[in-house]
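What follows is a set of notes on a single structure, which appears directly below.
Derivation of every value follows stated rules applied to the coordinates shown; laboratory data play no part. Owing to the predicted nature of the structure, the values given are computational and were not obtained by experimental measurement. For neighbour counting, all protein chains shown are included, and Cβ atoms are generated from backbone atoms with ideal geometry for every residue, glycine included.
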Amino acid sequence: MTTSTTLPQLALRRFRQSSALVACALGASVGFAHPVFAQAADPYYAAAVAEAARIAEGVELDDFIEMIGQASGGEGQTLEAVYAAFTEGSGVDVRYTGTPDTGAVVQSRVQAGNPPDVADLQLGVAKTYAAEGKTVDLSAAFGDELAANFNEMLLETSSMEGKVFGVYQGMSPFMVWFNPQTYTGPSAPTDWQEMVDWTNAEAEAGNAVWCAAQGAGGSSGFPGAQMVENLFLKKYGPEKYTAWGAGDLAWTSDEVKGAFEDFGATIVAQGKVAGGPFGAISTSIATGYNGLTSDPAQCQVALWAAWVPGLIGETAVAGETIDFFRVPATDPAYYPYELYQSSISVGLTDEPTTKAFLQFMASTPAQTYLASLNRWPVANKNVPAETYPSELLQEISRDYFNSGDVEFAAGPNLNNKSATSSAFYAAVMSYIQNPDSLDEALETVQATIE
């Protein structure tokens, strides 16, 4: 599957060495083609142009708008294709620059009093600007449209004091990946205990069922960090998960320790993870999930995000050798809640052109056109699943965005500062190597926020 470099890059300034690997995965084609920009004859493009014209009607707009984002290369071209519809419909030239150093570039521009009109940022960074009063209030500009187009809890993650400060475009949820040809576990379970029981039974039979590679250079451990967060959310719920991400629940708490221990007992324990714990920490994410589709198979399941098929490559064929189900929950009350990976676009100049562009970016026609370009799942819940050429993206869209029973939550994955993220990843690696080191490792993470 492809979901673009942008998906991990949406928060991947933290793991620079791994970003290249995941970026390659998300730019790969698994079961569907790369985007083709045949705009003139494209009804989705035409609808986006018409939406831009509607938004611009009667509004005095500037000649151009500047945006700095994280997507570059082919992924940047995909976004620019969508923004071209805004230009055609409104007459405003969108001057887009893609850079992996978005946060640093934007920070220097803000400090100099010359911010870009729009910036695509990691959520925690965007929240800092919102708290400082540097972002545009989108609720006042087009709040009704936002409420109609996006999941309520998703809007809460992009709000401060009741004011929406940003817009999501592409998003990557997390799931359990499996190979339908080799998987022997429970069918789309909602109860995590079913996965625990099956894993234990397979381990007793001599079968290690999990792939959980952690190798990513200086950012090794970040896949495990995201696995721990999934288990936390599904066991303790969104309120505690949000508190953890905000620094209000200590890393040394029983809840955080419990999520680590659940991860250790089921996913990376000896006899349960392919290659054993040492194999998990020493195997690169570039190849460490190939075991799902290899012949013979080296594992049966992996808990990670929408980019897993892209990491695997050509042997991951949607519906044949790769499929997914949502992450089961320890507490059934928390099954509807899901993690996600995404950046967020914010307005940094309080101008009609900035508001118009963000309104367009959030609109159903614009995100429908973006979906049709087949790069990644989009956040707007009203985009029809059949818009995506990829069957796998259609399935993700139906299960996570169109079903109406999913609530997204943001925690450490999106809100951590760099030092905390690095310590978190190191704690994962330390814990896999030596489970007895957990208390000390969590104290080290906690020290980064005190």
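What the table below lists for this structure:
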| quantity | calculated |
| --- | --- |
| Translational D in µm²/s for the range 75-115 (Stokes-Einstein at 4 °C, 1.567 mPa s, Kirkwood Rh from C-alpha pairs) | 111 µm²/s |
| Rg and Dmax of the range 311-426, Cα atoms only, in Å | 17.1, 50 |
| Given charges at beta-carbon only (K, R positive; D, E negative), |dipole| of the chain in Debye | 760 debye |
| With 10 Å bins from 0: P(r) over the range 99-240, alpha-carbon pairs, percent | 8, 26, 28, 21, 13, 4, 0 |
| Over 27 Å between alpha carbons, listed pairs K240/K355; K163/K381; K134/K235; K134/K257; K234/K272; K234/K417 | K240/K355; K134/K235; K134/K257 |
| Viscosity 1.567 mPa s, 4 °C: Kirkwood-radius Stokes-Einstein D of the chain over Cα pairs, µm²/s | 59 µm²/s |
| Quotient of Cα Rg and 2.2 N^0.38 Å for the range 96-183, N being how many residues it contains | 1.37 |
| Distant alpha-carbon pairs in the range 366-443 (separation over 17 angstrom), percent | 60 percent |
| Values of log10 I(q)/I(0), in the order q = 0.13, 0.26, 0.31 Å⁻¹, for the range 401-450 under a Debye, Cα-only, solvent-free model | -0.42, -0.93, -1.14 |
| Size of the range 51-130 as Cα extents on the principal axes (Å, biggest first) | 34, 29, 19 |
| Cβ-based exposure ranking for I322, I312, in which fewest neighbours within 10 Å come first | I322, I312 |
| Exposure proxy ranking, count of Cβ atoms within 10 Å, fewest first, for M227, M153 | M153, M227 |
| P(r) tail fraction, the range 316-359 - alpha-carbon pairs more than 12 Å apart, % | 75 percent |
| Mean ellipticity per residue at 222 nm, deg cm²/dmol - from DSSP H runs of n ≥ 4 across the chain, formula -39500 (n - 2.57) | -13500 deg cm²/dmol |
| Among 167-180, 267-280, the order from most to least packed when residues are scored by Cβ within 10 Å on average | 167-180, 267-280 |
| Charged-residue dipole, Cβ positions (Lys, Arg, Asp, Glu), the range 278-418 about Cα centre, Debye nearest 20 | 400 debye |
| Listed peptides 288-295, 143-150 by packing density, highest first (mean Cβ within 10 Å) | 288-295, 143-150 |
| Of every Cα-Cα pair in the range 182-239, the percent that sits beyond 13 Å | 70 percent |
| Most to least packed among 406-416, 125-135 [average Cβ atoms within 10 Å] | 406-416, 125-135 |
| Against the rule of thumb 2.2 N^0.38 Å, how large the Cα Rg of the range 215-293 comes out | 1.20 |
| Antiparallel %, DSSP beta bridges [both residues in the range 32-165], to 5 | 20 percent |
| Amide N of the range 377-401 lying under 15 Å from the label point, which is placed 7 angstrom from the Cα of S187 along Cα→Cβ | none |
| Radius 12 Å from Cβ of D137, net charge of other residues (Lys, Arg +1; Asp, Glu -1) | +1 |
| Sequence of S422, S220 once ranked by neighbouring C-beta atoms within 10 Å, starting from the fewest | S422, S220 |
